Amino acid sequence: MPQAQHELVTGDSGGGKTTLLREMHSEYPGLSVWIDHTGTDGIDGNAVDDAETVTSEREARRSSSTRLRWRCDDPLPAVAAARRVLQDYHDATGHPSQLIVDEAQDGALADGVEDDNPLKQSLHQDRDQRVKVVVATQDPSDLDYTPIKQCRWFTWVGPWSTFHDGFIRYFSIPRDDLPTERYRWVRFNKRMEPVSNGKTREVFS
C-alpha cells in the first residue's frame with residue numbers, strides 16, 4: 001500500500017493559496033480535515049459543499065461528512081485529536097485521509113517546535129497510515145525546517161515576494177520556475193524539479 005505524500009503549500013497574501021487549499025480539500029478522495037485556528041480564512045459550508053464545522057473529537061467522530069472544518073483556538077490539541085480520527089478512519093475504511101493546517105507558523109509548526117509537537121509527529125510518522133499532511137503558510141521561513149523536509153511536494157501559489165528569498169535559497173528552489181501570476185501554482189519534487197503546474201479554479205475563491 002503506498003505511503004501518503006505530504007505537501008507544503010506557500011504563497012504571498014492574495015496569491016491564491018487558500019483557494020488552492022479549498023480545492024484540495026473539496027476534491028480529496030477520502031476524509032479531509034481542515035484545522036481552522038485563525039477564525040478568518042479556513043473553510044465553511046458555503047466555500048466547500050458538504051463541509052461540516054466541528055469543535056471536538058467527539059463531534060468529528062459523529063459527523064457523516066468527509067469534509068470537516070475543525071474550529072479551535074489552539075491548533076496543537078486539535079491536530080492531536082484529528083490524527084486519531086484520521087488514523088481510525090483509514091483503519092476502518094482503507095481509504096486515505098488528509099490533514100490541512102493553514103497558517104502553520106501561527107502556533108502549529110513555528111521554528112523550534114518540540115519533538116512532541118503533534119504536527120511534527122504526523123509529518124514524521126503518519127505516511128504509513130496514509131494520512132497526508134498539507135502544511136500551508138505565507139512565509140515558510142517562519143516554519144521549523146526539519147519537519148517540513150518530510151514533505152514530498154513543495155507547491156508555490158502566485159508570485160513570490162522578497163521575504164521568501166531566504167527560504168528559496170535554503171531549499172534551492174529555481175526562481176525562474178516560480179509562478180508569476182496570481183492563482184497560478186507550480187509543484188516541485190524534493191529535488192526541486194517542477195513536476196506539475198496549473199491554475200486554481202474560481203469556484204473555490
- [ ] Provide, as a two-decimal number, the C-alpha radius of gyration of region 139-205 over 2.2 N^0.38 Å, N being how many residues it has.
- [x] 1.11
Open item on the list: Taking the full set of protein chains and a 1.4 angstrom probe, give the accessible area of F171 in square angstrom, rounded to the nearest 10.
Closed with: 30
- [ ] Mind telling me which of T53, T162, T180 comes out most flexible in a GNM of the chain, alpha-carbon contacts under 10 Å?
- [x] T162
TODO: Before anything else, pin down the relative contact order of region 104-172: Cα pairs under 8 Å, at least 6 apart, normalised by residue count, whole percent.
DONE: 36
- [ ] Set the Förster radius R0 to 35 Å, insert the Cβ-Cβ distance between S56 and D176 as r into 1/(1 + (r/R0)^6), and round the FRET efficiency to 0.05.
- [x] 0.15
Task: the chain: projected area of the alpha-carbon convex hull, averaged over directions, in nm² - done: 10.5
Task: Length added when fully stretched, D115-D88, from 0.36 nm per residue minus Cα-Cα - done: 7.4 nm
Open item on the list: If you count only protein heavy atoms and use a 1.4 Å probe, how large is the accessible surface of R184, to the nearest 10 Å²?
Closed with: 100
Open item on the list: On a straight-distance basis, which lysines could pair with K120 in a cross-link, Cα separation under 17 angstrom, same-chain partners fewer than 8 positions away excluded?
Closed with: K132, K149
- [ ] For n ≥ 4 DSSP H runs only, could you compute -39500 (n - 2.57) per run for the chain, divide by its residues and tell me the 222 nm figure to the nearest 500?
- [x] -7500 deg cm²/dmol
Task: Fraction of accessible area attributable to carbon and sulfur, the chain (%, probe 1.4 Å) - done: 41
Task: Under the Karplus curve 6.51 cos²θ - 1.76 cosθ + 1.60, θ = phi - 60°, whole-Hz ³J(HN,Hα) for region 93-102, x wherever Gly or Pro sits - done: 10, x, 7, x, 9, 9, 10, 10, 10, 7
TODO: Only bridges with both residues in the chain count here: give the DSSP antiparallel percent, nearest 5.
DONE: 30
Task: Convex hull (Cα only) mean projected area of region 129-170, reported in nm² to one decimal - done: 3.4
TODO: Might you tell me the accessible area per residue for the chain, computed with a 1.4 Å probe and given in Å²?
DONE: 46
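The values are calculated or read from the model by the stated rules, or taken from the named source; none is laboratory data. None of these values were measured; they are calculated from a predicted model. Note: ideal-geometry Cβ built from the backbone for every residue, glycine included; neighbour counts use all protein chains shown. Just so you know, the surface numbers come from the protein's heavy atoms only, side chains and all, with ligands and any DNA or RNA stripped out. Shrake-Rupley method; radii C 1.70, N 1.55, O 1.52, S 1.80 Å.
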